[in-house]
Amino acid sequence: MYNKIIDNEVKNIISRFKQSNNVNTSVKDLTHLKTYSIDDSQSFEIDDAISLEKISYQHKLWIHIASPTSYFEYKSAIDKNARKLISTVYLSTNTYYMLPEILINDVFSLRDNEKRESLSLGVIFNEDGCIASTEIVQSIIKVDYRLNYTEADELIDYAPKEEEDLSIISEILQSRKCWRKNSGATEILETFGKIIVEDNNPTLKIIDPTLSRQLISEAMILYGNLISNFTKVNKIPVPYRVQQRIDKVPKDNFQDSDNKVLYNFLLKKTMGKSYYSINPTPHSSLGLTSYLHATSPIRRYADLIVNYQLNRYLNNNELISKEDVEQMILEINNQGRQNIMRYREDQKYWLRKWFKKKSFKVYKVILLNWVNRYKNICILYFLDYHFSTICNLKSKKNLNIGESFNVQNIENNNIDIIFFELISLSK
């Protein structure tokens, strides 16, 4: 019965969307801007896009975020189902979408060459990266170019005269990042490995922090910061993303200050846990006095709440109450942790499968930490593959944190942990 209600809501949304001919005349038309979306080629949920507007001698950066709450109501069946899931869950062999797939594809996602409703933020910067002026509007946009990260990196690097916008945006956002660093932000730029599964065959994908990835990351941080300032000033109840710093990096905890892998690991340990709160307190590692998640309303319920509240405020409609938002924050923090654990368990399962395929291979690793020295449980970082994992290490030598050496995977029936043995110390 409940699924039938959702199906009826989906049909009504698609019908209304088609009848309106994709145009809402009551919102700002930004379809004249050259607009880019940048994401992985296989991404299905396209939440965000960017544009550059040239005004006299200034540049105005536009960040556009999909607006699913323009189409369905708070406490509708679609909303209740999304609230139950809290987020899209990406597993190696399946994806559980927070919102109905047909709506994501046909109505919500910022697909190329199609008009879409969005919540757009226009920003003009001073030369030092601080904000000169902002504008937040409900809008209609049209993505002209859907790019993957490799294509976007080429446009940024070569900056052809007819397509120089991304290069200019990259420079603007690099200045903004410097401004955040001067405000106390901590940047950890590192390559990482991620397990990808195709036809039950696990492979490892290496992801580098290229300029286009940094551009998108900084744009999303900027959006979350400026929207949080807006909601704070206008007393709009939303889930803020907060984080307190624990301590400075204990330099004497590792032998070699040039050991970047270990340094980054220890640096992360100094950062407090991030969580959602009704109170706009600082996010220390981002160097911001307030911040929230607002750029993924198709895939995260916290962002969807912000989406609801912005649309309601801009339309002079009644806001979702502070009490309701506080209750939702409890659910988001709880279910969000469970979703993260589910993803990590899935990655761990396929990582074991990946190692099993390469059981006789020797790996160069760095010892990041002892979890339980008595039981030989530690965290190893695999240098050629850019990932770390908890494992059991068989060794007759006394190994120190930060030391690098070679290991080999050994057969074991334990399904919870991978076993390795020391082969030799690295030179």
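The values are calculated or read from the model by the stated rules, or taken from the named source; none is laboratory data. Source: prediction; values computed, not measured. All Cβ positions, even for glycine, are placed from backbone atoms using ideal geometry, and neighbour counts span all protein chains on display. Heads up: the accessible areas ignore ligands, DNA and RNA and are worked out on the full protein's heavy atoms, side chains in. Shrake-Rupley method; radii C 1.70, N 1.55, O 1.52, S 1.80 Å.
Could you list, ordered by first residue, the pairs with Cβ atoms under 6 Å in which the first is in the stretch 48-66 and at pLDDT 95 or above and among the acidic types (Asp, Glu) and the second is open to solvent by less than 60 Å² (accessible area, probe 1.4 Å) and in a strand (DSSP E or B), at least 6 apart or interchain?
Every condition considered, the pairs that remain are Asp48/Ile65; Glu53/Lys60.
Are there any pairs with C-beta distances below 8 angstrom linking a residue in the stretch 217-239 that is under 14 Å from Leu61 (Cβ atoms) to a residue that is surrounded by 24 or more Cβ atoms within 10 Å (Cβ to Cβ) and small (Gly, Ala, Ser), with the two at least 6 apart or on different chains, and if so which?
Correct list of pairs: Tyr223/Ala294.
Which fully enclosed strands (runs of 3 or more DSSP E) of the stretch 1-87 have 1 or more residues being among the charged types (D, E, K, R), surrounded by 11 or more Cβ atoms within 10 Å (Cβ to Cβ) and touching a strand residue (DSSP E or B) at 6+ places or on another chain (Cβ under 7 Å)? Break it down stepwise before answering.
Values: elements: 35-38, 48-55, 58-66.
Answer list for the stretch 1-87: 48-55, 58-66.
Taking the condition surrounded by 20 or more Cβ atoms within 10 Å (Cβ to Cβ) and over 26 Å from Asp29 (Cβ atoms), does Arg176 pass? Walk me through it before giving the result.
Numbers: surrounded by 20 or more Cβ atoms within 10 Å (Cβ to Cβ): yes; over 26 Å from Asp29 (Cβ atoms): yes.
Criteria met by Arg176.
Every residue, every condition in (1) of a type outside the set (D, E, K, R); (2) over 25 Å from Leu266 (Cα atoms); (3) without any contact (Cβ under 8 Å) to a residue 40 or more places away in the chain, yes or no:
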residue: Arg344; (1), (2), (3): no, no, yes
residue: Leu351; (1), (2), (3): yes, no, no
residue: Val362; (1), (2), (3): yes, yes, no
residue: Tyr374; (1), (2), (3): yes, no, yes
residue: Phe382; (1), (2), (3): yes, no, no
residue: Ile390; (1), (2), (3): yes, no, yes
residue: Leu393; (1), (2), (3): yes, no, yes
residue: Gly402; (1), (2), (3): yes, no, no
residue: Leu422; (1), (2), (3): yes, no, yes
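Keeping to the stretch 390-424, report how many residues are acidic (Asp, Glu) and open to solvent by 60 Å² or more (accessible area, probe 1.4 Å). Show your work before the answer.
Within the stretch 390-424, the first condition is being acidic (Asp, Glu), and the residues that meet it are 403, 411, 416, 421.
So of that shortlist, the ones also open to solvent by 60 Å² or more (accessible area, probe 1.4 Å) come out as 411, 416.
Qualifying residue count for the region: 2.
Just give me the residues in the stretch 279-300 being within 16 Å of the chain's Cα centre (by Cα) and closer than 20 Å to Ile63 by Cα, in sequence order. Reasoning before the result, please.
Within the stretch 279-300, the first condition is being within 16 Å of the chain's Cα centre (by Cα), and the residues that meet it are 283, 285-286, 291-300.
Once the filter is applied, which keeps residues that are within 16 Å of the chain's Cα centre (by Cα) and closer than 20 Å to Ile63 by Cα, the stretch 279-300 yields Leu286, Tyr291, Leu292, His293, Ala294, Thr295, Ser296, Pro297, Ile298, Arg299, Arg300.
Would you mention how many residues in the stretch 116-173 are of a type in the set (D, E, K, R), assigned to a strand (DSSP E or B) and surrounded by fewer than 18 Cβ atoms within 10 Å (Cβ to Cβ)?
Filtering the stretch 116-173 for residues of a type in the set (D, E, K, R) gives 116-117, 127-128, 135, 142, 144, 146, 151, 153-154, 157, 161-165, 171.
Checking which are assigned to a strand (DSSP E or B) leaves us with 116-117, 135, 142, 146.
If we keep only those that are surrounded by fewer than 18 Cβ atoms within 10 Å (Cβ to Cβ) too, we end up with 135.
Residues flagged as of a type in the set (D, E, K, R), assigned to a strand (DSSP E or B) and surrounded by fewer than 18 Cβ atoms within 10 Å (Cβ to Cβ) within the stretch 116-173 amount to 1.
Restricting the search to the stretch 97-115, which residues are touching a helix residue (DSSP H, G or I) at 6+ places or on another chain (Cβ under 7 Å), open to solvent by 10 Å² or more (accessible area, probe 1.4 Å) and more than 19 Å from His293 (Cα to Cα)? Steps first, please.
First pass over the stretch 97-115, keeping only residues touching a helix residue (DSSP H, G or I) at 6+ places or on another chain (Cβ under 7 Å): 97-100, 102-103, 106-108.
Cutting the leftovers down to open to solvent by 10 Å² or more (accessible area, probe 1.4 Å) gives us 97, 100, 102, 106.
Scanning the stretch 97-115 gives Pro100, Ile102, Asp106.
Return the only residue of Glu323, Glu345, Glu318 being touching a helix residue (DSSP H, G or I) at 6+ places or on another chain (Cβ under 9 Å) and loosely packed, with under 14 Cβ neighbours inside 10 Å.
On the way: Glu323 fails: touching a helix residue (DSSP H, G or I) at 6+ places or on another chain (Cβ under 9 Å); Glu345 fails: touching a helix residue (DSSP H, G or I) at 6+ places or on another chain (Cβ under 9 Å).
After ruling out the rest, the residue left standing is Glu318.
Tell me the residue from Gly193, Gly184, Gly224 that is part of a loop (DSSP other than H, G, I, E, B) and open to solvent by less than 50 Å² (accessible area, probe 1.4 Å), please. Can you show your working first?
Numbers: Gly193 fails: part of a loop (DSSP other than H, G, I, E, B); Gly224 fails: part of a loop (DSSP other than H, G, I, E, B).
Result: Gly184 is the single residue among Gly193, Gly184, Gly224 that is part of a loop (DSSP other than H, G, I, E, B) and open to solvent by less than 50 Å² (accessible area, probe 1.4 Å).
Can you tell me which residue among Leu110, Leu103 is within 30 Å of Ile13 (Cα to Cα), under 23 Å from the mean Cα position of the chain (by Cα) and not in a helix (DSSP H, G or I)?
Of the residues listed, the single one that is within 30 Å of Ile13 (Cα to Cα), under 23 Å from the mean Cα position of the chain (by Cα) and not in a helix (DSSP H, G or I) is Leu110.
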